[in-house]
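The values are calculated or read from the model by the stated rules, or taken from the named source; none is laboratory data. Remember, predicted model here, so these are calculated numbers, not experimental data. Counting neighbours? That spans all protein chains shown, and the Cβs are built from the backbone with ideal geometry, glycine included. Note: areas computed on protein heavy atoms with side chains; ligands, DNA, RNA excluded. Shrake-Rupley method; radii C 1.70, N 1.55, O 1.52, S 1.80 Å.
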Amino acid sequence: MADNFLHRHGKTKLTFFVFSSFQTLTAPAPFADETSCQCQAPHEKLTIAQARLGTPADRPVRVYADGIFDLFHAGHARALMQAKTLFPNSYLLVGVCSDDLTHKFKGFTVMNETERYEALRHCRYVDEVIRDAPWTLTPEFLEKHKIDFVAHDDIPYSSAGSDDVYKHIKEAGMFVPTQRTEGISTSDIITRIVRDYDVYARRNLQRGYTAKELNVSFINEKKYRFQNQVDKMKEKVKNVEEKSKEFVYKVEEKSHDLIQKWEEKSREFIGNFLELFGPDGAWKQMFQERSGRMLQAFSPRQSPNSSPTRGRSPSRSPSPPWVINKTSPPSSPKAASASLSSMSEGDEDEK
């Protein structure tokens, strides 16, 4: 495929094509008034069908897109990407209107014309930037820049007393539509800034801008600075709360570990306690052994059955003479005197 391309277009043309693309990607796009037209071949009128089939390397399709491009954003870049990729081989020229024309027909811009020119030069899809572009395209302008097609979204753009400034371009068959990117536009960004004006004013005051530079009154300046101090205090409180939450979380983790360890140790302690003091524990056995020894030590020893007697009858021992038999008391005084005389006689016999 590469050999066929070289055979058709030649090495010189290929070198020019590669060099042109490389220069666009590694350097800012040139301004139209600082460079000559890069189309070397005679500029013949192309149809859209011919452009879609592809053109020689030295004859890219010259596509023009214009706009204000204030606060250059992704929607602008996507539109230019579509314009650049409409045809297999294209050269994209971007026209940027000046501040005078823009303020006259559309309104005040955030970025001045120099800033808007530079923003376009650094977009990767742009091959050339035309400064001070006309508000309405004229045949002379199209011929001067050898423009083949004009790319823009298909919504009628009413301005400068016309219902659609691209109407004559569409009638000439030179208009190629692109798609708008929903959800983003310069007006949307400006609306956000206006809506959150206090926030941005406070931010810039904090960054060192003066109230005069921000067009802020003395009272509002004091109010914004006070709000900044309040925000700082809130941030400090938030940091303290986050640190406190982190500390509490760490304490909870440690306490959980401690409780788990305590439960394990308590089970071990209870098991050891039951082994020692339980119903069948070692302490009970030791206590029984010691109590048995103590009872044995304190109990009296029994006399042996073979101990000798003193010669008396083992069956009955005589009562002492002075013991009175209480079971049979004397019935009369005579009997009592008789018993006393008998006791005296017995005593004498013993003597």
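For segment 194-238 and segment 102-162, compute the distance between their C-alpha centroids and round to whole Å. For segment 194-238 versus segment 102-162, the Cα centre distance is 37 Å.
In terms of its C-alpha gyration tensor, segment 163-271 comes out oblate, because a/c is 1.5 or above while a/b does not outweigh b/c.
Here's the picture: a label point sits 7 Å out from the Cα of PHE105 along the beta-carbon direction, and within segment 151-176 the residues with their amide nitrogen under 16 Å of it are 151-153, 155-170.
Taking PHE149, PHE298 and ordering them by how much accessible surface each has at a 1.4 Å probe, largest first, produces PHE298, PHE149. Sites listed here are GluC sites (Glu not before Pro) in segment 139-197 whose DSSP assignment is loop and whose Cβ has at most 13 other Cβ atoms within 10 Å: GLU182. For segment 24-113, the set of chymotrypsin sites (Phe, Trp or Tyr not before Pro) satisfying both a DSSP loop assignment and a count of at most 14 other C-beta atoms within 10 Å is given as PHE108.
Using only side-chain charges placed at the Cβ, +1 for Lys and Arg and -1 for Asp and Glu, the dipole size of segment 180-302 relative to its Cα centre rounds to 600 debye.
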